[in-house]
Amino acid sequence: MSTLNNLKRPSRSWHRKKRVGRGQGSGLGKTAGRGGKGQKARSGNMRFEGFEGGQSPLQRRLPKFGFNSPNRTIYAVVNLADVEQHFDAGATVDEATLKQAGLVKGRYHGVKLLAQGGLTKKVTIRVHKASEAAKSAVQQAGGAVEELPLMAHKPEAAAKAHAGKGVKAPRQPKA
């Protein structure tokens with residue numbers, strides 16, 4: 001049985017470091033395995049990824065395009081057809097009920113209502129954004145659309161994160 005004081009690594013599980021430039025007797029003296037002359041024999045040769053021997057590399061030849069702002073607002077999209085299919089007349093549709101119905105999944109900042117499909121039921125929809133066509137379709141069916149303010153994070157999370165940080169105590173009036 002092996003214990004910590006007599007552990008050994010398996011034989012042939014490692015290689016000795018190649019020591020180049022240590023004399024002719026070592027087998028890697030003189031040119032140190034680089035051959036004779038040429039760009040690859042020189043120090044500081046261009047071995048970085050994408051190097052094409054001095055030719056303008058592919059990543060510089062191709063045009064650059066596109067940009068994703070790190071501050072973009074991502075909306076979960078819900079269509080009127082989905083509301084028609086999953087909710088009864090008189091229901092209040094909000095983010096929580098949409099999640100329960102499986103219409104809203106993943107990470108997003110808010111919910112947006114779009115007018116794809118039709119709506120015949122009278123429902124109250126509470127979302128962060130709605131297209132004009134969707135608003136008019138809901139109102140024609142007798143329902144209402146309430147637009148909620150978009151919050152980057154929940155108020156309780158903000159209260160925890162910033163509790164007492166950078167808040168100066170109010171000045172006391174001089175007596």
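The values are calculated or read from the model by the stated rules, or taken from the named source; none is laboratory data. Everything numeric in this text was worked out from a predicted model, so none of it was measured. Here Cβ is always computed from backbone atoms with ideal geometry, including for glycine, and neighbour counts include all displayed protein chains. We work out accessible area using only protein heavy atoms, side chains counted, and drop any ligands, DNA or RNA first. Shrake-Rupley method; radii C 1.70, N 1.55, O 1.52, S 1.80 Å.
Quick look at the values:
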{"item": "Volume of the Cα convex hull of the stretch 1-83, divided per residue and given in Å³", "result": "400"}
{"item": "Potential lengthening between H109 and N5 on full extension [0.36 nm per residue; Cα-Cα distance subtracted]", "result": "31.8 nm"}
{"item": "Theoretical gain in end-to-end length, K40 to S56 [0.36 nm per residue, Cα-Cα removed]", "result": "3.9 nm"}
{"item": "Sequence-distant aspartates and glutamates (8 or more away, or on other chains) whose Cα lies within less than 13 Å of K135", "result": "E146, E147"}
{"item": "For the stretch 1-84, accessible area per residue (1.4 Å probe, heavy atoms of protein chains only), Å²", "result": "94"}
{"item": "S26 accessible area, assembled protein chains, probe 1.4 Å, Å²", "result": "60"}
{"item": "Burial order of peptide ranges 31-43, 82-94 (average beta-carbon count within 10 Å, highest first)", "result": "82-94, 31-43"}
{"item": "Rounded to 5, the percent of DSSP beta bridges in the stretch 12-164 classed as antiparallel", "result": "5"}
{"item": "Heavy atoms of T73: accessible area, 1.4 Å probe, square angstrom to 10", "result": "70"}
{"item": "Extent along principal axes [Cα atoms of the stretch 1-159; Å; largest to smallest]", "result": "95, 60, 34"}
{"item": "In the stretch 1-65, lysine pairs closer than 30 Å at Cα, eight or more apart or cross-chain", "result": "9"}
{"item": "Carbon and sulfur %, accessible surface of the stretch 1-94 computed with the full protein complex present, 1.4 Å", "result": "51"}
{"item": "Rh (Kirkwood; distinct C-alpha pairs) - the stretch 101-151, Å", "result": "11.5"}
